[in-house]
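Take a look at the structure below.
Where a number appears in this text, it was derived from the coordinates with a stated rule and is not lab data. Quick caveat, the model's predicted, so the values are computed rather than measured. Reconstructed Cβ throughout: ideal geometry from the backbone, glycine too, with neighbour counts over all protein chains shown.
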Amino acid sequence: MAKIDAFFKLIFDQGASDLHLVSGQQPIIRLHGDMERVKYKVLEDGELKAMLYEIAPELKIKQYEETGDVDFGYEIPGVARFRCNFFNQKYGCGAVFRQIPTKVNTMDDLALPAILKRAAMLHKGLVLFTGPTGSGKSTSLAAMIDYANKHRKDHIITVEDPIEFVHQSQGCLVNHREVGTHTRSFAAALRGALREDPDIILVGEMRDLETIRLAIEAAETGHLVLSTLHTTNAAKTVDRIIEVFPQEEQTQIRSALSTSLKLVVAQTLLKRIDRKGRCAALEIMVVTPAIANLIRENKTFQIPSAIQVGKQFGMQTLDDSIMEVLQKKWVSPEVAYSNCIDKAKFRPFLKSQLEEWGGSA
């Protein structure tokens, strides 16, 4: 057993999401969104590097020493998988490990809306999950893949850096590919995937122009493409994709995106007060003919209004989703207020809580 495995078992037992090991610091875990120090000695650079190298493949060690950064996956059978990132910092080496549970949560486990089950059964199109790092995008995407795996008879290819959730083939054949190990890049894997008879392609992240272009092409040519972006809402997601392309191509890409994009889910995790853990608040944009027209005509600034009036199509604003979990008393008024868009809508909840405490707003 590798020495570092004891820390991995600690975060597994605690239910923490991340482990931070940095030269010159005590180990730190992220538990329900908060950083907490582990009662352990300060890590020295040489000691930490030896621990890290014990679990890293030789190729990844070489890459780390050449570039100062590397990502890969590590698994403790029967415990969990971990997404590993090594980096250099002022006082020496450092590493962050994200726990990827062995068990894939279902859509019902995560209380995801029914529109996502329908999206998992689409035969073509682009479905995007957006949000900051640590907002649960990969977990929700894994639940969609799990649903498709159980309810379809198709070929699923996942391309990730590194592989996160591992799906056992059920109704579908599932092939996992890792960038840097099984393929050179996301773009190379996407080009290859089009010759591998896929029905569903999961692209871990749309990082660059070539990957985005190929993902849109795959979605247009009869494949369901699932991916992620680091944007905060649906309108910004559309803008981000279009702005990646040269000016002379943007009109064509708007047209392609208006037909290929089917769903955008912008996800935020909120700390719960009713029990330990966090819950998701989701902005959901379904690309109806009206929204497709806004994308095509470069009127993405009108998308938030279209989402507000699109409830019958399964759409919801982030504020509506936050209001729902607030009224269920899953989150505090302060958390709801700090994450919402329309502050005035949530301010009365802060005032009522203060009055309960005998204070004033």
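Odds and ends about this structure:
- Close amide H pairs (under 5 Å, H built 1.01 Å from N) link THR228 with PHE129, GLU205, MET206, residues at least 5 positions away or on another chain.
- Close amide H partners of ASN105, meaning residues 5 or more places away or on another chain with modelled amide H under 5 Å apart, do not exist here.
- For the chain, the mean residue ellipticity at 222 nm estimated from helices alone is -11500 deg cm²/dmol, where every DSSP H run of n ≥ 4 contributes -39500 (n - 2.57) and the total is divided by all residues, rounded to the nearest 500.
- Projecting the Cα atoms of PHE165, GLN327, MET121 onto the charge dipole of the stretch 114-339, computed from C-beta unit charges around the Cα centre, puts GLN327 farthest toward the positive end.
- Radius 13 Å from Cβ of ALA292, net charge of other residues (Lys, Arg +1; Asp, Glu -1): +3
- Here the 3J(HN,Hα) profile of the stretch 183-200, calculated from phi with Karplus coefficients 6.51, -1.76 and 1.60 at θ = phi - 60°, is 7, 6, 7, 4, 5, 4, 5, 5, 4, x, 4, 5, 9, 10, 6, x, 10, 10 Hz, Gly and Pro shown as x.
- Simple Cβ-charge dipole of the stretch 210-361, Lys/Arg +1 and Asp/Glu -1, about Cα centre, in debye nearest 20: 600
- Neighbour-count order for LYS60, LYS49, LYS90, fewest beta carbons within 10 angstrom listed first: LYS90, LYS49, LYS60
- Each label was represented as a point 7 Å from its Cα along the Cα-to-Cβ direction; for LYS41 and GLU217 these points are 5.6 nm apart.
- Each Lys and Arg adds +1 at its Cβ and each Asp and Glu adds -1 at its Cβ; summed about the Cα centre, the chain shows a dipole of about 860 debye.
- Qualifying GluC sites (Glu not before Pro) in the stretch 1-91, DSSP loop, other Cβ atoms within 10 Å at most 14: GLU44
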